[in-house]
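Below is one structure, written out as structure tokens; comments come after it.
The values are calculated or read from the model by the stated rules, or taken from the named source; none is laboratory data. As the structure is a computational prediction, the values presented were derived from the model and not from experiment. Here the Cβ positions follow ideal geometry from the backbone for every residue, glycine too, while neighbour counts run over all protein chains shown. The accessibility values were calculated without ligands, DNA or RNA, using every heavy atom of the protein model including side chains. Shrake-Rupley method; radii C 1.70, N 1.55, O 1.52, S 1.80 Å.
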Amino acid sequence: MKAHLTRRYLFSASHRLHNDAMTAEENRATYGKCNNPHGHGHNYALEVTVSGRVDRRTGMVCNLADLDKVVREQVLERFDHENLNTLRHFDSIVPTTENLCVVIYDILRRAFRAAHLEKVRLEETLMNAFEYEGERESL
Amino acid sequence: MVYLTRKAEFSASHYYHSPEFTPEENRRIFGKCNNPHGHGHNYTLEVTVKGDIDKRSGFVVDLKQLKEVMHREVLDAMDHRFLNKEVPEFATRIPTTENLAIAVWQRLEPNLNHAKLHRVRVYETPDLFVDFYGEE
């Protein structure tokens, strides 16, 4: 039988929302306070959902220790206490939480093979969250 | 179609061990969860049912009835229990959060009138939960 397992992680990072393709005025109008050139930080909460058949012998979808290891090494160590704008992932895209969510999904999709990656959900604050489930094939 | 979720909490202990593995394999696979004396969690259960809104009552489901079923079928059997020893499902299945979500589904599903069970979510801790949507 198939079940979905979700694990929650925390990390903190700073970012500045700014697009060089826009004028200074457009950037301010688009990003408001998030355009502050010095950046600002968030405590992000990341929820990773994987799915698969519950293994008859272990009773598990996947070993949680394996998932924790991949998320720690590939995501938390990469982004925690960093300025997102300085990382190569955001050389050509703005480090909005939407884009960060997609970046994390793509990293985990490649790095974690023990179960199917269903969804990445990223909370920027208690008041807003973003979810990405990969590109769906159009019906 | 409207979805309605009811929450409940219960506390129980468990440990992970399969007779199909050697003691060494059990320790390697299950780590600290293999301690035979068990350990406990405060579980949070979220039961989501779905259905059309009844024209007369304005309800998807009678919440009182849902609460009674959750208490009778799940909480009375599992709250303040050692899952491995006191809940029959776990005589042969390891009481992982995955299997717990499946067991809760199997206990609730035949006992719900009117509304259809959509999802059972079991939080083992605030940072770990399992969703079960029934057999697909």
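The long axis of helix B:97-108 is offset from the longest Cα principal axis of chain B by roughly 40 degrees. Accessible-area rank, largest first, for A:Met22, B:Met78, A:Met127: A:Met127, A:Met22, B:Met78, with all protein chains present and a 1.4 angstrom probe. In a DSSP loop and with at most 12 other Cβ atoms within 10 Å, the trypsin sites (Lys or Arg not before Pro) in the range B:1-80 are B:Lys55, B:Arg56.
Over all pairs of different C-alpha atoms, the range A:5-77 has a mean inverse distance whose reciprocal, the Kirkwood radius, equals 15.3 Å. Coupling constants for the range A:76-85 follow from the phi torsions by the Karplus curve (6.51 cos²θ - 1.76 cosθ + 1.60, θ = phi - 60°), and in residue order they are 5, 5, 7, 10, 5, 6, 10, 9, 4, 4 Hz; glycine and proline get x.
Is chain A best put as rounded, prolate or oblate by its Cα gyration tensor, with a ≥ b ≥ c the root eigenvalues, rounded for a/c under 1.5, and otherwise prolate when a/b is larger than b/c, oblate when not? Cα axes put chain A in the prolate bin.
Ranking A:Asp68, B:Asp79, B:Asp131 by solvent-accessible area of protein heavy atoms (1.4 Å probe, all protein chains present), from largest to smallest, gives B:Asp79, A:Asp68, B:Asp131.
Residue order by solvent-accessible surface for A:Ser51, B:Ser11, B:Ser57 is B:Ser57, B:Ser11, A:Ser51, largest first, with ligands and nucleic acids left out and a 1.4 Å probe.
Report, to two decimal places, the Cα Rg of the range B:1-43 normalised by 2.2 N^0.38 Å (N = number of residues). Please report the intermediate quantities before stating the final value.
On the way: Rg = 15.9 Å, N = 43, 2.2 N^0.38 = 9.2 Å.
Output field value: 1.73.
Net charge near B:Pro88, counting Lys/Arg +1 and Asp/Glu -1 over other residues with Cβ under 14 Å of its Cβ? The partial results should precede the final answer.
Working: positive: B:Arg81, B:Lys85, B:Arg93, B:Arg107; negative: B:Glu73, B:Asp76, B:Glu86, B:Glu89.
Local net charge: 0.
How many Lys pairs in the protein assembly as shown lie less than 21 angstrom apart by Cα atoms, where the lysines are 8 or more positions apart or on different chains? Eligible lysine pairs with Cα atoms under 21 Å apart amount to 17. Which of B:Thr97, B:Thr48, B:Thr125 moves the most in a Gaussian network model of chain B with Cα springs under 10 Å? In the Gaussian network model the winner is B:Thr125.
What is the local net charge at A:Arg8, summed over the other residues whose Cβ is closer than 12 Å to its Cβ (Lys, Arg +1; Asp, Glu -1)? Don't jump to the answer; show the numbers that get you there.
Numbers: positive: A:Arg7, A:Arg121; negative: A:Glu47, A:Asp68, A:Glu123, B:Glu124, B:Asp127.
Net local charge, A:Arg8 excluded: -3.
Pairs of Cα atoms nearer than 8 Å and 6+ residues apart set the relative contact order; for the range A:26-139 it is 33 percent. Where the alpha-carbon atoms of the protein assembly as shown are placed on the principal axes, they occupy 66, 60, 37 Å, in descending order. Averaged over the residues of B:121-133, the number of partner chain Cβ atoms lying within 10 Å of the residue Cβ comes to 4. For the range B:73-136, the carbon plus sulfur part of the accessible surface works out to 44%, probe radius 1.4 Å. With Cα atoms defining each centre, the range A:23-70 and the range B:64-136 are spaced 29 Å apart in the structure.
With equal scatterers on the alpha carbons only and no solvent term, can you work out the Debye log10 of I(q)/I(0) for chain B at 0.09, 0.17 1/Å? Ignoring solvent entirely, the Cα scatterers give -0.30, -0.89. Net charge in the neighbourhood of B:Val69 (other residues with Cβ under 13 Å of its Cβ; Lys, Arg +1, Asp, Glu -1) is 0.
Put simply, the amide H of B:Arg81, placed in the peptide plane, has neighbours under 5 Å in B:Ser13, leaving out anything fewer than 5 places away on its chain.
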